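The values are calculated or read from the model by the stated rules, or taken from the named source; none is laboratory data. Source: prediction; values computed, not measured. So basically every Cβ, Gly included, is an ideal-geometry build from the backbone, and we count neighbours across all protein chains shown.
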Ligand SMILES: Cc1cc2nc3c(=O)[nH]c(=O)nc-3n(C[C@H](O)[C@H](O)[C@H](O)COP(=O)(O)OP(=O)(O)OC[C@H]3O[C@@H](n4cnc5c(N)ncnc54)[C@H](O)[C@@H]3O)c2cc1C
């Protein structure tokens, strides 16, 4: 008899089994508005496939698990050797792997690539937001790397690859690679000119050794990083690979992972450099000018990610109000509730429309190759 008091009624079923792309009219219409007509069918087909995966019960569960079981730092192996690796729950690899294989790091130089990627990023953020960090940084590193054509030729195919290959190995042995960014130090976040990490040139052209710390370096499991440090000619941008070409590990001492309120699925670390090998990207003294290409593209994703979270909130709220009943009827039929939901929907659609407009501008200014957005 006691169990009868635990009968579950008037609770809402999970929002799963839908197409996240086509269920969103503002998103689908935005893609139609900005797409070249010849590309529209193909773009829609890709986004529909991603939208269905995103709305599946399995993908939504990956998103929940990736946040329930956050990453763990392993500074040493059991024998005391320094390894500086990060362990993730399998759900994280599912989420990030799907993002990479859906081409969410591949937009530069592809006709209509930024619009398609932006809409895909928008859809996939509604599965899980933290994976957007390495996805965004990998995509955004491309225009900054192009300041150094040799490095771009070597790394760009790996960064835009649709293959997800986790694990620390020389990048040359990987079909796909991920990138992060290290600018912020304890004494200066926005004000990167206050950076104290030093870069000592080696005899070989373009090679340096870095010594110093980075207070915020997200996604430290990535294969390479764009980093700011003080060279003899001033603040300069560098490429720091996790693993050197000969297979030995570069010095990349992860001190601890950040204990964050949001973005919990993704690792963010504090990192020490101590004679860390690096390649210069762009001229000495032009560090901010060089890395700003990466920063700007990640900021586009801040717009997209925020708009996507607004959309997911509206979708959840409307879904909840559709099923939940109070005072003799569904919440969605109550005039005041409709006002609130309509207000949220309006804000969300405006944010979606603006985000896609911004992303499509990148297809005009960012497709030329030299310098990107
Ligand atoms: C989840 C997360 C992930 C991150 N990942 C990375 C990463 O991967 N790599 C990396 O390098 N950094 C990363 N950061 C750090 C981020 O780049 C810094 O937090 C950011 O640059 C701001 O620096 P700060 O927090 O030191 O704030 P401060 O620079 O101390 O600024 C404090 C406040 O003053 C405001 N302010 C600053 N300058 C001005 C100005 N000129 N005029 C008016 N207001 C101003 C700021 O907006 C802020 O509100 C991450 C941060 C977070 C929260």
Could you count how many residues in region 233-280 are within 11 Å of the ligand (Cβ to nearest atom) and closer than 22 Å to residue 156 by Cβ? 0
Any residue in region 96-111 that is within 19 Å of the chain's Cα centre (by Cα), assigned to a loop (DSSP other than H, G, I, E, B), in contact (Cβ under 8 Å) with a residue 40 or more places away in the chain and on the phi > 0 side of the Ramachandran plot? yes
So, residue 152, is that one crowded, with 21+ Cβ neighbours inside 10 Å, more than 20 Å from residue 94 (Cβ to Cβ), touching a helix residue (DSSP H, G or I) at 6+ places or on another chain (Cβ under 8 Å) and modelled with pLDDT of 95 or more or not? no
What single numbered condition from (1) more than 16 Å from the ligand (Cβ to nearest atom); (2) crowded, with 21+ Cβ neighbours inside 10 Å; (3) within 28 Å of residue 282 (Cα to Cα) fails to hold for residue 120? (3)
When you look at residue 235, is it in contact with a helix residue (DSSP H, G or I) (Cβ under 8 Å, 6 or more places away or on another chain), part of a strand (DSSP E or B) and free of Cβ contacts under 8 Å to residues at least 60 places away in the same chain, yes or no? yes
More than 14 Å from residue 235 (Cβ to Cβ), over 23 Å from the mean Cα position of the chain (by Cα), more than 11 Å from the ligand (Cβ to nearest atom) and outside any loop (DSSP other than H, G, I, E, B): which single residue out of 211, 204 fits that description? 211
Identify, please: which residue in region 170-195 is out of contact with any strand residue (DSSP E or B) (no Cβ under 6 Å at 6 or more places or on another chain), touching a residue at least 12 places away in the same chain (Cβ under 8 Å) and assigned to a loop (DSSP other than H, G, I, E, B) and is, among those, farthest from the ligand (Cβ to nearest atom)? 175
